[in-house]
Every structure is written in C-alpha cells, then in structure tokens.
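Enquirer: Before I ask anything, let me first share the structure, which is written out below as structure tokens.
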Amino acid sequence: MIAVLGARPADSTALAAALASRLAFETGLHCDWLQAPADSALPAQALVTCRTDAPAPAAAGPPGPVALTLLLALDSPHHDPAAEARDTALRLQLQAARAAWVPVRGRGPALLEAALDAVTPLLRQRALPRAGLLTRLARRDAAMPRWTWVCEKCDVPECEHAQLR
C-alpha cells in the first residue's frame, strides 16, 4: 500500500489514479486507488493498493499497512502561503509518525516518473507476475556505460585530479 498526499488534495488523487494505472499496466499486478479514510493515522488523501491476485472487494475491510508515503512537493512558481503551511504541517506529521516517506516533484508525466522511481525499491522486493517496468529498468541500468577512469595519483575516481584531465 502506497499513501499519496500533498498540500493540494486534487493533485494527490490524480497522481494516485495515474500511478495505479501505470503500475497495473507495467507490472501485471492488480492495482487500484481509493480515497483514504478520514480517520486514518496519516493525513493521506489517496491510497494505491497492488496485489498479485484478483483485487479485493471494496467491502473487504480496512486497507493494510502503508509501506511508503509519497509527498507531493510544492512545484508552483507562485507563492501560496496556505499551501506552504499545509505542506509544512504534512511533513511534521509524517516525521512525528515516523512514517517512511519520499518527496516527489514534477508536473504531468515528470511527476508520475518521479513517483515510479520512488516506489521501484518496494517493487523489487516482490515477485512480479510478468516482466514489465522493473525488467526495463534493469535493462536500462545494464545498458548504461560503465565509469572506468581511475586517478593515476590516488585511485579515487571522484578526486580533484579528475578535473585536471
């Protein structure tokens, strides 16, 4: 279960819907999103659930524990004191609850990609029913050129001698 929240609830529910759809398409999991219950311990606006088996009916009971919370960062160029205050309050609540949370930022497709990057470590811990997003991520990582330069003076690739090259 992934909780999605932000200073603007409409953005949170839109991201949850897009994330559930993309995860279902890419991984073959049965993913759905729902509005978070008003009495939940965390101030999540939406929850994304994914299962390897058929989705549970809505009346099956309360959702399980939250594995990760995605907090939508404020990316607006306009100063909005109310949104900034809500964002600060959400961060403080997450810290007080000792919840695992990741800030995600971007607009449109970039926000969805940031959310996918944030949840990828969770997905790698699970056995997925078919190849999809994680297979493509592994192929992308394998295709990246390897960094092979080694400093001839100290054998530390990140040293200041690299700038002299």
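Enquirer: Can you find even one residue in the range 116-125 that is at pLDDT below 75, closer than 14 Å to Glu26 by Cα and surrounded by 10 or more Cβ atoms within 10 Å (Cβ to Cβ)? Walk me through it before giving the result.
Expert: Within the range 116-125, the subset at pLDDT below 75 is 124-125.
Checking which are closer than 14 Å to Glu26 by Cα leaves us with 124.
Next cut, surrounded by 10 or more Cβ atoms within 10 Å (Cβ to Cβ) only: 124.
Checking the range 116-125: at least one residue is at pLDDT below 75, closer than 14 Å to Glu26 by Cα and surrounded by 10 or more Cβ atoms within 10 Å (Cβ to Cβ).
Enquirer: While we're on this one: Within the range 9-31, which residues are under 20 Å from Ala99 (Cα atoms) and either modelled with pLDDT under 90 or not in a helix (DSSP H, G or I) (or both)?
Expert: Residues satisfying the conditions are Pro9, Ser12, Thr13.
Enquirer: Right, another one. Sort out which residues of the range 65-92 are surrounded by 16 or more Cβ atoms within 10 Å (Cβ to Cβ) and of a type in the set (S, T, N, Q), and write them in order of number.
Expert: Thr69
Enquirer: Right, next: Which residues, counting only those in the range 93-108, are in a helix (DSSP H, G or I) and loosely packed, with under 10 Cβ neighbours inside 10 Å? Full working, then the answer.
Expert: As a first pass, look at the range 93-108 and keep what is in a helix (DSSP H, G or I): 93-96.
Of everything in the range 93-108, just one residue is in a helix (DSSP H, G or I) and loosely packed, with under 10 Cβ neighbours inside 10 Å, namely Ala96.
The values are calculated or read from the model by the stated rules, or taken from the named source; none is laboratory data. Computed from a prediction, not measured in an experiment: that's the story for all the values here. All Cβ positions, even for glycine, are placed from backbone atoms using ideal geometry, and neighbour counts span all protein chains on display.
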